[in-house]
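Down below is the structure, laid out as structure tokens.
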Amino acid sequence: MVAPGGPGGRACYHLGMRRPFCLSSVYLLAVLALSAPFIAVDAPDAARPVPEDTCDAGAVDPELLGVWHRWDALAEGDRMRFYFFHEGGFGLYRYGKVGLTNTHSFDYRAEGGHLELTFRKTGERRRVPYRIEEQGGRTWLVLDDDPREVGGARYFKAPAAATGVPCFDPPAQPGLAAPELTAAERIGGRLWGEEVRYATGGMGFSIYQLQPQAIDGRGVGWHHRGDYDEWTTETLTYRQRGDRLALSFPLRHDGVETAIEVRGSGDDRTLHLAEDPRDFWRAHTYRDMGPTFAGAVAPLACLPQ
């Protein structure tokens, strides 16, 4: 399906969706991994072409590219807000607390000290002046008329090596070892998703993003719910013991233990939850959408332990 073009007028193509969707679905699954308090995103090579399935980037200021944080956020529950600007002319605004956030996607242009933001879900368009300053050993993006902060705000740029604490698997505890799981049984290291097309256009999703699990079946991950314009992200921990799965959501202080069944093999696997805690304990079947992309987007972007 051909969708109307971006600022440059080029048509966008994407999986037959009924509304313009100029962001690669694979890349979007990757940026779902931006769930850690600090994200390492190296500045892209200016000579690298924009992916073919994105709209024309229009005017992009290379100094804007990357992640800009509102506050230092490290511990679970710390306030966090950031803007992320991609070279392709799209970006993300994420807000909430470490472990529970909401994300808005937008398209943008930057010319002559002015930033034009178009939020995809609502179509809201804002043109705001911006400037970049150096202060206190940090580079700051100053938005005096920030569309998401009354009275304006400034954001510091995440350094290339800024991440959370180093990754490590939760250690196995004596006496709690689970029966060894086969590769076909393990659910860690994968994206498990359910997608629904809306009659009004667009597509909604519920995705469990599970990082690789330790030998005793434990792991960490995120649950994402929304559509490809706005979605929520929630930190979770999990433990798989055979055909049982325990899920815990620390910021909301809730969790569930449910029966599960891994069906199929290879690229046709599905994960059936008898009680899905993120849809009012209704049964759900999620398909294996492939490996988790967290390592590809943000090396060592792990939850604080």
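Every read-out reported here was derived from the displayed coordinates using simple, explicitly stated rules and does not represent laboratory data. Owing to the predicted nature of the structure, the values given are computational and were not obtained by experimental measurement. Backbone-built Cβ (ideal geometry, glycine too); neighbour counts: all protein chains shown.
Descriptive notes on the structure:
- Loop-located GluC sites (Glu not before Pro) in segment 55-102 (DSSP state other than H, G, I, E, B) with a sparse environment of at most 12 neighbouring Cβ atoms within 10 Å are absent.
- For segment 61-115, the dipole from Cβ point charges (+1 on Lys and Arg, -1 on Asp and Glu) about the Cα centre works out to 280 debye, to the nearest 20.
- For segment 247-297, the relative contact order comes to 24 percent (Cα pairs under 8 Å, sequence separation of at least 6).
- Gyration tensor verdict on segment 190-297 (Cα atoms; rounded if a/c is under 1.5, prolate if a/b is larger than b/c, oblate otherwise): rounded
- Histogram of C-alpha separations across segment 241-284, 10 Å bin width, %: 27, 47, 23, 3
- Distant-in-sequence amide H partners of THR292 (H built 1.01 Å from N, under 5 Å): ARG190, LEU191
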